[in-house]
Amino acid sequence: MLNIEKTVCIAAISFALFGCGGASDLPKLGHVNGIVTFEGNPLPGAEIAFLPEQGRGSAGVTDANGRYTLRYTDKQNGAIIGIHTVSITTKLPDDTSKPEILPAKYHQKSELKYQVKEGDNVADFPLTAK
């Protein structure tokens, strides 16, 4: 089985390659946004990926205030309805200049789960070093 880091990488590549699908072939999606904090402070520049049990994942990047919105394709916001493993990282796999500040339990060995429902979903993640 692939580890979360490889799965996120595959999801990102799939997003880039197949992100232009038409709206008619989309599965049911829920809109997902929220805030990621680390030790009580907004976490800017973090990549957040929602990986469903089946189907394609969604991803987003936090802004300066730690806010994100998930994108399913380059033109469609949202995530597949259902349970997702959530991966949050501050370091992309090929970036050696930026160290990862988050514990592996948030990315490589993610313990984070979220159930996306129809409509609007607010998924905030208050992360800690412990």
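The values are calculated or read from the model by the stated rules, or taken from the named source; none is laboratory data. Note that the structure is predicted; figures quoted are calculated from it, not measured. No Cβ is skipped: glycine too gets one built from the backbone with ideal geometry, and neighbour counts run over all protein chains shown. Each accessible area value is taken on the protein alone, full model and side chains, heavy atoms only, with ligands, DNA and RNA left out. Shrake-Rupley method; radii C 1.70, N 1.55, O 1.52, S 1.80 Å.
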In segment 53-70, how many are among the acidic types (Asp, Glu) and in contact (Cβ under 8 Å) with a residue 40 or more places away in the chain? 0
Identify, from the list Val36, Val32, the residue that is open to solvent by less than 30 Å² (accessible area, probe 1.4 Å), modelled with pLDDT of 95 or more, over 15 Å from Tyr106 (Cα atoms) and hydrophobic (A, V, I, L, M, F, W, C). Val32
Restricting segment 68-91 to residues that are charged (D, E, K, R) and crowded, with 16+ Cβ neighbours inside 10 Å, which is modelled with the lowest pLDDT? Lys91
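Results for (1) of a type in the set (Phe, Trp, Tyr); (2) farther than 16 Å from Val32 by Cβ; (3) in a strand (DSSP E or B); (4) touching a helix residue (DSSP H, G or I) at 6+ places or on another chain (Cβ under 9 Å), shown as yes or no for each residue.
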residue: Tyr68; (1), (2), (3), (4): yes, no, yes, no
residue: Asp74; (1), (2), (3), (4): no, yes, no, yes
residue: Thr85; (1), (2), (3), (4): no, no, yes, yes
residue: Ile88; (1), (2), (3), (4): no, no, yes, yes
residue: Leu92; (1), (2), (3), (4): no, yes, no, yes
residue: Pro99; (1), (2), (3), (4): no, yes, no, no
residue: Leu102; (1), (2), (3), (4): no, yes, no, no
residue: Lys105; (1), (2), (3), (4): no, yes, no, no
residue: Lys109; (1), (2), (3), (4): no, yes, no, yes
Which of the residues that make up segment 45-66 are assigned to a loop (DSSP other than H, G, I, E, B) and open to solvent by less than 50 Å² (accessible area, probe 1.4 Å)? Gly45, Ala46, Gly57, Thr62, Gly66
Output the residues belonging to segment 58-94 that are under 17 Å from Lys109 (Cβ atoms) and touching a Phe, Trp or Tyr at 6+ places or on another chain (Cβ under 6 Å). His84, Val86, Ile88
For segment 93-105, which positions are touching a residue at least 24 places away in the same chain (Cβ under 8 Å) and under 16 Å from Phe125 (Cβ atoms)? Ile101, Leu102, Pro103
Just checking, does segment 92-101 include any residue being open to solvent by less than 70 Å² (accessible area, probe 1.4 Å) and either touching a strand residue (DSSP E or B) at 6+ places or on another chain (Cβ under 6 Å) or at pLDDT 95 or above (or both)? no
Single residue of Gln115, Gln76, Gln108 found to be over 25 Å from Lys28 (Cβ atoms), among the polar types (S, T, N, Q) and touching a residue at least 12 places away in the same chain (Cβ under 8 Å): Gln108
